[in-house]
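What follows is one structure encoded as structure tokens, with my remarks underneath.
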Amino acid sequence: MRLIQKLKQFERQYVFLRWATAEEYGKIKYVGYDFVEFEIIDIETMEYRETVIINSQLILEIVVGG
């Protein structure tokens, strides 16, 4: 299974995502063919902070809470 297919299962869910230069909690807003749109949140206030576009090849780890 390709990473993009797996990420598509977690679209619109809150996750912990680690990529090449950072790691943040947030919500996967959209998964495209070669990028992921990720809304970073402040976990203390649960408020939206910013949106980043991440090249899917740079994603190292994703953790889904339960």
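Brief remarks on what is shown
- Residues satisfying the stated conditions in region 1-46, i.e. over 9 Å from the mean Cα position of the chain (by Cα), part of a helix (DSSP H, G or I) and within 15 Å of residue 59 (Cα to Cα): 3, 4, 5, 6, 8
- Region 32-52, residues that are open to solvent by 70 Å² or more (accessible area, probe 1.4 Å), hydroxyl-bearing (Ser, Thr, Tyr) and free of Cβ contacts under 8 Å to residues at least 24 places away in the same chain: 45, 48
- Given (1) in contact (Cβ under 8 Å) with a residue 40 or more places away in the chain; (2) open to solvent by less than 90 Å² (accessible area, probe 1.4 Å); (3) among the hydrophobic types (A, V, I, L, M, F, W, C), index of the condition residue 60 fails: (2)
The values are calculated or read from the model by the stated rules, or taken from the named source; none is laboratory data. Since this is a predicted model, take the numbers as computed values, not measurements. Heads up, the Cβs are rebuilt from the backbone with ideal geometry, glycines too, and the neighbour counts pull from every protein chain shown. Just the protein is used for accessible areas: all its heavy atoms, side chains included, with ligands, DNA and RNA removed. Shrake-Rupley method; radii C 1.70, N 1.55, O 1.52, S 1.80 Å.
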